[in-house]
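Some notes on the structure that comes next.
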Amino acid sequence: MTDPALTADLALPAVAVATGATEQLDRPRVAAVAPALPDDPVWWRSAVIYQVYVRSFADANGDGTGDLAGVQSRLPYLRDLGVDAIWFTPWYLSPLADGGYDVADYRAIDPAFGSLAEAEALIADALTYGIRTIVDIVPNHVSDQHAWFQAALAAGPGSPERERFWFRPGRGASGHEPPTRWPSEFLGGQTWTRTVGPDGLPGDWYLHLFTAEQPDLNWDHPDVRAEHEAILRFWFDRGAGGVRIDSAALLVKDPAMPEVPEDPAAGEHPLHDRDEIHDIYRGWRRVADDYPGARVLVGEVWLEDPDRFARYLRPDELHTAFNFDFMARPWDAASLRASIDATLAAHAPVGAPPTWVLSNHDVTRPVTRYGRADSSFAFARKRFGTPSDPTLGRRRARAAALLTAALPGSLYLYQGDELGLDEVDVARDEIQDPMHARSGGVDPGRDGCRVPLPWSGAEPPFGFSPSDARGRPWLTQPPHWAQLTVEAQAADPGSMLNLYRAALRIRRSEPGLGDGPMTWVPAPPDILAFQRGDDFLSVTNLSDAAVPLPPHRGVLLASADLSDAHLPPDASVWLRPDRVSTDAAWRLPDDDR
Ligand code: NOJ
């Protein structure tokens, strides 16, 4: 069925490419079939969104790299898991200098992953399973192979083509020093690269906050704005239910290019979270609101100040943004509770629902993180060989799954976390993530959480690729994943996979869960207990001793065995409480005497 309103939109030219070579390419201007999205204006406020890292999800053509046909074949798996949407990491044409976050053409699918027709079919087919698609838009930078950047290099200094980027002469008598000492967003390395002219002589420098293959766009330029709004329309026209916005707080730079002040409190930062950025997202919101079916904008916003963060979520800007504060916290009751409180307090004034995120393709897997002596997360602290206790980590990750699924708002689930996969120690000579090289080989990079998923069987490729595959998975899977395959876990009622399936099933049917209020319940130290709705209590034990369960009428789900009506350490339980009032008394050990 095609939504008539959507079809009407499609009569208009969907792609208004501002300028440049992209317009000349021969490709469909509108989707062959524009699927209709269910008409639920608030779906995103409670949604469970599953992140597919396409390269590592499922490989249908046997070349060792995941692809869209692989995702297509696994849609029933995602339906059975109980997700509302898939967020696809970039699937566009890309030299993969940064795993696809270096986009050469936002309207083409990389041939390694499939074709535009396959993407359209996937979006439509997912909808038939009740699953929306969120595409990943990368607005801060493009690939150095993008037509605009190639044109800028060819056109030379002072050309209008170069104005879409940040080209600047170097400092020093011969221009041999970069224009600023701005730090890289990738831990180490330069943020400027010097061009070489046709005469072979060094020329101007261009800005790249990430790798040299990712030149930053100049968001003061009208082409850049127009082009991105056209890209949004391109994907909304094809049925995308939303966009995830990469590096969303970095787009605008101070054209005067002052150095980053030593004191973070000293005025506006030259490249982080500048006030002008909000106008861009107001424009994007107008585009999203033009479409039926509640198309959403989700920001990747890394900001420490919760109030600055919440400014992105004002009613005419983004719908939601990733809550990284919670993700970065250690497994500690006071710290997690403080983060939950700060999150709710920051979101309340703007009326946006919080999001709960335990990991993604950039950070250490929860099973490994939570098994460490220091279970907090920080990019700068990643090191090879950091010890972790996988049994402890898995127990905590199970508890965290129930804790986050019970909190108010929407939930993100990174592929493989539902299997309790651990971070893999990828061999140095296999690492592809540029973060590793840019750190001078000190940082293991992010490939450890990007290893292809284990689906079935007793040895690699564990069903990731077909049995007659001609290529090996692009990163080596560890042998112990034989116990963690989907096949093995589906058959085990106590598995992580079955815990997630049960949790998401309850989350969907339980009236108090998802968006809405929560109330803390008084509890013993290091216990996080809160009520949702009239009849749902979530309890997580972060202490090192078992605690008696509070008075309850029934157990809905537990992350660990409840022996003798006690909740073991590092475990969560969902209960039907005995009392419905928020001051429900806990039966402390003393009460038993
Ligand atoms: C954030 C993405 O999640 C990450 O993978 C990427 O490297 C950077 N942005 C740059 O696009």
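Since every read-out is calculated from the coordinates, none of them should be taken as a lab result. Model, not experiment: these values are computed from the prediction. Cβ sites come from the backbone with ideal geometry, for glycine too, and all protein chains shown count toward neighbours.
So how do His552, His176, His146 line up by other beta-carbon neighbours within 10 Å, fewest first?
His176, His552, His146
Do the sum for the chain: with -39,500 (n - 2.57) for every DSSP H run of n ≥ 4, divided by all residues, what is the mean residue ellipticity at 222 nm, to the nearest 500 deg cm²/dmol?
-7000 deg cm²/dmol, from helical runs alone.
What is the distance in Å between the Cα centres of region 353-432 and region 181-224?
One Cα centre to the other: 32 Å.
Taking other Cβ within 10 Å of each residue's Cβ, how do Ile123, Ile131 sort, fewest first?
Working: Ile123 25, Ile131 21.
Sorted ascending by nearby Cβ count, the order is Ile131, Ile123.
Determine the distance separating the Cα centre of region 156-176 from the Cα centre of region 277-295; give it in Å without decimals.
33
Arrange Lys253, Lys382 by Cβ neighbour counts within 10 Å, fewest through most, would you?
By the 10 Å Cβ count, ascending, the order reads Lys382, Lys253.
Rounded to the nearest 20 Debye, what is the dipole magnitude of the chain about its Cα centre when Lys and Arg each give +1 and Asp and Glu each give -1 at the C-beta?
For this selection, approximately 740 debye.
For Ala226 and Asp289, FRET efficiency with R0 = 25 Å and r from the beta-carbon atoms, rounded to 0.05?
0.90
Could you check the simple spin-label distance between Ser174 and Ala154, using points 7 Å along Cα→Cβ, in nm with one decimal?
3.1
Listed highest first by mean packing, meaning other Cβ atoms within 10 Å per residue, what order do 464-471, 207-214 come in?
Top of the packing list down: 207-214, 464-471.
Pairs of Cα atoms under 8 Å, at least six residues apart: use those to get the relative contact order of the chain, whole percent. Write out the running numbers ahead of the final one.
On the way: 1269 pairs, mean separation 78.7, N = 593.
Once normalised by length, the contact order is 13 percent.
Using Cα atoms only, what is the angle between the long axis of helix 116-128 and the major principal axis of the chain, expressed in degrees (0 to 90) to the nearest 10?
The answer is roughly 20 degrees.
Take every DSSP beta bridge whose two residues both sit in the chain, then give the antiparallel share in percent to the nearest 5.
55
If R₀ is 56 angstrom, what is the calculated FRET efficiency for the pair Ala256 and Asp63, using the beta carbon separation as r and rounding to 0.05?
Step by step, r from the Cβ atoms, then E = 0.70.
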